[in-house]
Amino acid sequence: MPNFQISSLFAVLASNLRTPHPTAGDEVTLSLSNLNRSLNPTDVPRVRILDTALSLMHFTVPQVHDSVIEFTLKSLVTVLSSSIECKVVRVNKQLDLRVGGLILKSDCANVMEECARVLEKLDGQKGDLCYSLLYNVIRVAALAPCFPYAMLSDSILDAKCCDLRTTALENLVRLIPKQFTFKNGEIPLRLLSWHLDPMILKQDVAQVLQEFITRPFLSLQTEIYDRIDWRSKIICLVMSPSMFIETRALLHKWFLMTGLASLMELQSEIVGHVLDIISRPMWWGISIEVGSKLPFSFAYFPYQHQLLRTLAGPISQEYFKHLLQKVSGSVSVPGGDLHKSSGKTATDINSVDHKSMWAMVMNFPCWFFFASMMIFCNNSNITVDSLCSESLSGYLKPCMTHDPEVTCPAEAGKFMAWILYPMSESTQCLLVDYLVKISDLWLQKCASLNKCHEVTSVDEEAKKPKSHVKNEIALYELDSCAVSLWLKEIRDLYTKHFGEKVGFSTSNTKRFSIHQNLLLRRIPLGILLLHPCHLNAEGCSLLLHYAATGTVQEFSGIQNPRQGRKRWKHNSIRSSLCCIQQCSKAEAIAGCRTVFDITDVADSISYSMFNEEEGLNFVCQVKMKTCNYLLQCVKRLLDIKHDEDGLQMRRDLLSRVVRWRRQRKDVFQNKDLDSVCDALSLSV
């Protein structure tokens with residue numbers, strides 16, 4: 001059927017669905033009545049030929065009118081679907097396979113525009129027929145031949161056609177249903193629209209990003225699966241590896257331009273979900289026929305694919321050693337001497353674009369936190385046995401072998417320095433030196449306070465069996481004063497190493513400064529992951545507050561913790577809580593997110609480092625140590641007056657707190673947590 005006949009068919013259907021007079025009743029009934037009158041002679045009064053025939057056959061007029069529209073829609077769908085051809089043509093004595101549509105792109109704009117008008121009038125009343133019409137119109141437009149445009153000499157005419165086609169496509173995209181199913185051999189509608197206009201892909205990604213930024217307590221991990229429209233976008237990326245690669249490149253470019261952590265978090269979540277979908281498509285609602293045809297991971301990650309196998313593997317010292325070798329290009333030298341490594345180093349990377357090794361590693365942030373654990377793990381002072389808490393679990397034993405090539409702070413620090421500053425070898429060396437020194441400061445702090453504890457409690461320890469003395473010392477909890485002093489020392493050490501520069505913001509690397517600062521502040525959280533049982537709740541709160549805000553709480557008037565220990569401990573707790581209670585709205589939000597993030601990290605690494613029961617206990621330890629700080633931040637947000645957006649934020653926060661409480665295992669019988677959840681429920 002020629003294009004003008006298709007347009008005429010659309011016009012007839014649209015005219016019979018025109019807007020009725022304001023005094024009219026049902027629009028569809030009036031339109032069908034108009035269609036009925038057009039089938040009966042208007043010059044023969046009192047004689048209704050069609051009505052009479054229908055009455056004899058026991059059909060009502062509305063039934064016929066409904067059938068007319070239904071068969072008109074079916075005719076349009078049939079014509080559009082049959083306008084796609086696949087044939088073999090001979091070009092220069094060679095046989096070529098040509099797949100495309102019979103309708104030119106210049107004509108598709110009019111067809112799409114007419115289709116949009118009809119679908120808006122129908123407003124989904126014909127269900128599957130409306131979807132079929134929408135699908136086939138967009139499919140025809142996507143497969144329309146482009147070659148006639150090469151013959152156009154008038155660029156203005158070409159631009160006008162493109163503008164008309166873009167406007168018509170936007171009208172159709174708004175009609176794409178959120179809920180959909182994948183059929184074998186059928187390209188999803190949203191994916192077809194991305195191929196027609198890449199700007200739609202950019203808008204879809206921007207929409208998710210914008211909502212994630214404005215709603216800081218959304219859990220991307222759960223929202224992507226639970227929200228139908230977000231899940232459909234991710235699955236469409238899986239159906240088209242080229243679109244996935246384009247999306248990664250787009251987000252990475254935006255990250256380099258802004259340094260926003262939200263961009264990198266969204267990108268890493270998309271990468272994780274795509275890997276999950278291709279590994280278990282049926283769990284995501286994809287049929288076995290479609291799932292079996294999905295390509296392998298190489299199609300989605302054509303760059304640095306060998307590195308992907310390490311990054312996506314279990315988080316362990318063995319895999320971290322392989323990762324260090326890939327990053328450095330050589331086997332690391334025991335002892336951490338950076339200058340004795342052979343081969344090219346990690347600082348030889350000249351580019352940080354989406355094809356680079358650095359871009360691939362950034363999509364797996366758990367490895368950075370694992371490295372932060374390693375810089376505080378030293379053979380001389382911390383043993384594997386000291387990493388477990390007998391008071392909470394008799395099973396918790398991290399799967400660590402203390403490989404000196406991994407647990408050496410310099411080796412772990414080299415990886416972290418490369419993540420933080422991939423552009424300069426000299427700055428990386430400064431960073432490694434800084435990280436090694438803060439690790440030494442921490443170990444010295446642990447040793448001195450353990451020694452102090454031994455002296456003050458020697459009489460009590462003498463009364464106990466010798467077998468229990470070692471455990472008592474190992475389980476000694478470092479208090480808030482010790483943590484505060486250490487944080488102040490590492491802040492002063494940072495200033496000594498790098499002056500007053502924030503995030504090493506030189507003229508060539510300002511784009512990394514925001515993310516650098518965030519990662520630098522979160523390095524001390526490696527202590528919380530490494531041995532949560534060694535920190536009391538107040539000490540954990542200080543670590544978390546520093547990671548969230550960069551603020552170090554100092555305690556004045558405390559010279560010797562051994563003197564007046566009860567008064568000193570009471571003052572330190574009161575001072576740390578006062579710091580949180582007076583924080584701003586932004587700092588309280590950052591504090592809550594830091595707790596949620598570190599719990600997610602603990603959850604992720606627990607699957608690799610522990611068996612199921614040990615992993616549950618490990619996550620529970622982290623939650624129990626961070627609960628106090630989370631409660632203080634939530635209470636602070638409840639005290640702050642909010643606008644209309646604050647109502648949505650509180651809903652999200654309540655949902656996130658409930659999810660956090662149940663994450664992996666619900667062990668909390670906490671009245672304060674119950675009261676906070678009740679207060680949040682009442683506020684929304």
Might you let me know whether segment 90-107 holds any residue that is surrounded by fewer than 12 Cβ atoms within 10 Å (Cβ to Cβ), modelled with pLDDT under 75, among the small types (Gly, Ala, Ser) and farther than 30 Å from PRO281 by Cβ? no
Identify the residue in segment 300-315 that is in a loop (DSSP other than H, G, I, E, B) and closer than 17 Å to SER242 by Cβ and, among all such residues, is modelled with the lowest pLDDT. TYR303
Quick check: anything in segment 93-102 in the same structural domain as LEU129 (by TED's automatic domain parsing), among the aliphatic types (A, V, I, L, M) and within 22 Å of SER193 (Cα to Cα)? yes
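Yes/no matrix, rows are residues, columns are (1) out of contact with any Lys or Arg (no Cβ under 8 Å at 6 or more places or on another chain); (2) at pLDDT 85 or above; (3) not assigned by TED's automatic domain parsing to the domain that holds LEU542:
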| position | (1), (2), (3) |
| --- | --- |
| PHE596 | no, yes, no |
| VAL601 | yes, yes, no |
| SER604 | yes, yes, no |
| VAL619 | no, yes, no |
| GLN632 | yes, yes, no |
| ARG664 | yes, no, no |
| PHE668 | no, no, no |
| ASP678 | yes, yes, no |
In segment 283-297, the residues that are part of a helix (DSSP H, G or I) and either surrounded by 12 or more Cβ atoms within 10 Å (Cβ to Cβ) or assigned by TED's automatic domain parsing to the domain that holds VAL327 (or both): TRP284, VAL290, GLY291, SER297
Might you check whether a residue that is touching a strand residue (DSSP E or B) at 6+ places or on another chain (Cβ under 9 Å), assigned by TED's automatic domain parsing to the domain that holds ARG656, at pLDDT 80 or above and assigned to a helix (DSSP H, G or I) occurs anywhere in segment 543-561? yes
Considering only segment 185-216, how many residues are within 18 Å of MET264 (Cβ to Cβ) and outside any helix (DSSP H, G or I)? 2
Take the residues in segment 645-684 that are within 30 Å of GLY615 (Cβ to Cβ) and hydroxyl-bearing (Ser, Thr, Tyr); name whichever of them is surrounded by the fewest Cβ atoms within 10 Å (Cβ to Cβ). SER675
Starting from residues that are aromatic (Phe, Trp, Tyr) and part of a helix (DSSP H, G or I), keep the ones in segment 217-254 and report whichever is modelled with the highest pLDDT. PHE244
Selection from segment 209-224 of residues that are free of Cβ contacts under 8 Å to residues at least 60 places away in the same chain and surrounded by fewer than 17 Cβ atoms within 10 Å (Cβ to Cβ): GLN210, GLU211, ILE213
Can you work out which of the residues in segment 398-455 that are in a loop (DSSP other than H, G, I, E, B) and surrounded by 23 or more Cβ atoms within 10 Å (Cβ to Cβ) is modelled with the lowest pLDDT? CYS408
Counting only residues in segment 384-397 that are surrounded by 17 or more Cβ atoms within 10 Å (Cβ to Cβ) and of a type in the set (S, T, N, Q), the one modelled with the lowest pLDDT is identified as SER393
Can we say GLU318 is in the same structural domain as SER606 (by TED's automatic domain parsing), part of a helix (DSSP H, G or I) and surrounded by fewer than 20 Cβ atoms within 10 Å (Cβ to Cβ)? yes
So for segment 280-298 (the condition being closer than 19 Å to TRP418 by Cα and of a type in the set (Ser, Thr, Tyr)), does at least one residue qualify? no
All conditions in (1) among the charged types (D, E, K, R); (2) within 30 Å of SER287 (Cα to Cα); (3) modelled with pLDDT under 80 are true of ASP158 except (2)
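The values are calculated or read from the model by the stated rules, or taken from the named source; none is laboratory data. Since the structure is predicted, the reported quantities are computational estimates derived from the model, not experimental observations. Note: ideal-geometry Cβ built from the backbone for every residue, glycine included; neighbour counts use all protein chains shown.
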